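The values are calculated or read from the model by the stated rules, or taken from the named source; none is laboratory data. On a predicted model such as this, the values are computed, not experimentally measured, just so you know. Cβ placement follows ideal geometry from the backbone for every residue including glycine, while neighbour counts extend to all protein chains displayed.
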Amino acid sequence: MSEAAIQKNENQAPAPERMEQTTYFTPLVDIIESGDAFIFNADVPGARPEDADISYDNGVLTLLARAKPRQPQNVAYLWQEYEVGPFYRQFVIDTPVDPNGIRAELRNGALTLTVPKSESAKTHKIQIKGA
Amino acid sequence: MTQTQTQPQTQNRPGAQAGGAGRTDLSKRDPDRGGGGGLARPSDFRRQIDRTLDRLMRQVERDPIRALFSLPQQLDRIANWPAIDIAEDDKAIAVRVDVPGMNPDDLDIEVSGNQLTIRGQRQDEWSDNQRGVRRRERIIGSFARTIPLPAEADAQNIQARYDRGTLTLTVPKVPGKGPRHVKVQAAQGTQGAQGTQGAQGTSR
């Protein structure tokens, strides 16, 4: 996946927040590419595994995780930094990947996605014969 | 970046804060913290600024206006990392901190006098310029945030729990140790005469 591919996705990022009147938050994400997979690490504090909805459709990887509010409702706040809401982000992956092999793990509010590349896109070592 | 500069973006509620007597200034900074903000080491802070500017430059190419307006929020996210909410009821004060992906053993909570300090270190094995690293946005490094506790806080019985990436501290309140109000007695004969007395005072 090239840098251009990542940018392309953010260009065409849809705006579901306007339709649903909900504010979505962009999770901070680390992306690491290895020879045979992409690894996405996203911070989604407050979300449980059952709150997360990960999908891959035609080259677009969508992360959605609903987070529970940090404080119970109707409490008296002394101090508040940032609101809590669903996390949402999409990435376009232009490298062929294996959708059935995508694994997601959500532990302590940190989401780890492993997206294996399809066989054709994996790095292949070429054996060189000596003379 | 100081706390006052960041307040408009962070949904702080100074009104609620000022509502009760004995509430201390929650924006008070940890004196041994460098760099500014929650990241304890200037190098961590610097790295995060670099990452944010990287991200900003990508956004500028797509949508400069939106990128520009998002900058304060993005910087705020670093300056106030990790994000803290504080709420209270009659019995306790609840402090909640978003520190995802950590091991509870890496969190250190210290009470000294009326200062509650949350420290921690978030690590991961990938460095920014390592081969294969495509994006680095998450905030890592050591951080410290200090919260002043009110007089009625029972510092001996603070409970801490880490769940779903959120650290919850419950600080019980000791009944009767809250702010006391002292009634002001009016001195005899001064009522209604303050205005003239004040005028006399300045003319002397």
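Could you pull out the residue among B:Gln121, B:Gln7, B:Gln17, B:Gln59 that is at pLDDT 85 or above and not β-branched (Val, Ile, Thr)?
B:Gln121
Please go through region A:96-113 and give me each residue that is among the hydroxyl-bearing types (Ser, Thr, Tyr) and away from chain B (no Cβ under 11 Å), ordered by number.
The answer is none; no residue qualifies.
Name, by its number, the condition in (1) more than 8 Å from every other protein chain (Cβ to nearest Cβ); (2) out of contact with any Pro (no Cβ under 7 Å at 6 or more places or on another chain); (3) not acidic (Asp, Glu) that does not hold for A:Arg70.
(1)
Pull up region A:78-95, narrow it to residues that are over 25 Å from B:Asn103 (Cβ atoms) and hydroxyl-bearing (Ser, Thr, Tyr), then point me to the one that is farthest from the other protein chains (Cβ to nearest Cβ).
A:Tyr88
Every residue in region A:110-131 that is assigned to a loop (DSSP other than H, G, I, E, B) and either β-branched (Val, Ile, Thr) or loosely packed, with under 15 Cβ neighbours inside 10 Å (or both), please.
Across region A:110-131, the qualifying residues are A:Ser118, A:Thr123, A:His124, A:Lys125, A:Ile126, A:Gln127, A:Ile128, A:Lys129, A:Gly130, A:Ala131.
If I ask for residues that are touching a residue at least 40 places away in the same chain (Cβ under 8 Å) and touching a Pro at 6+ places or on another chain (Cβ under 9 Å), which ones from region B:51-87 would you list?
Those that are touching a residue at least 40 places away in the same chain (Cβ under 8 Å) and touching a Pro at 6+ places or on another chain (Cβ under 9 Å): B:Pro72, B:Pro82.
Being in a strand (DSSP E or B) and of a type in the set (Gly, Ala, Ser) is the filter here, so list the residues in region A:42-70 that pass it.
Those that are in a strand (DSSP E or B) and of a type in the set (Gly, Ala, Ser): A:Ala42, A:Ala52, A:Ser55, A:Ala65.
Could you grab me the full set of residues in region B:62-75 that are facing chain A (nearest Cβ under 10 Å) and part of a helix (DSSP H, G or I)? Step through it out loud before you land on a result.
The first filter runs over region B:62-75 and keeps only residues facing chain A (nearest Cβ under 10 Å), leaving B:62-63, B:70, B:73-74.
Listed by number, the residues that qualify are B:Arg62, B:Ser70, B:Gln73, B:Gln74.
If you go through region A:76-85, how many residues are in a loop (DSSP other than H, G, I, E, B), at negative phi and surrounded by 15 or more Cβ atoms within 10 Å (Cβ to Cβ)?
Of the residues in that region, 3 qualify.
Of the residues B:Ile78, B:Ile147, B:Ile139, which single one is assigned to a helix (DSSP H, G or I), in contact with a strand residue (DSSP E or B) (Cβ under 9 Å, 6 or more places away or on another chain) and crowded, with 18+ Cβ neighbours inside 10 Å?
The unique qualifying residue is B:Ile78.
Just to be sure I understand, how many residues within region B:88-118 are at the interface with chain A (Cβ under 9 Å from one of its Cβ atoms) and surrounded by fewer than 15 Cβ atoms within 10 Å (Cβ to Cβ)?
The total comes to 3.
A quick yes/no check of all residues on (1) in contact with a Phe, Trp or Tyr (Cβ under 7 Å, 6 or more places away or on another chain); (2) within 19 Å of A:Gly46 (Cβ to Cβ); (3) among the aliphatic types (A, V, I, L, M):
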position	(1), (2), (3)
B:Val60	no, no, yes
B:Phe69	no, no, no
B:Gln73	no, yes, no
B:Asp105	no, no, no
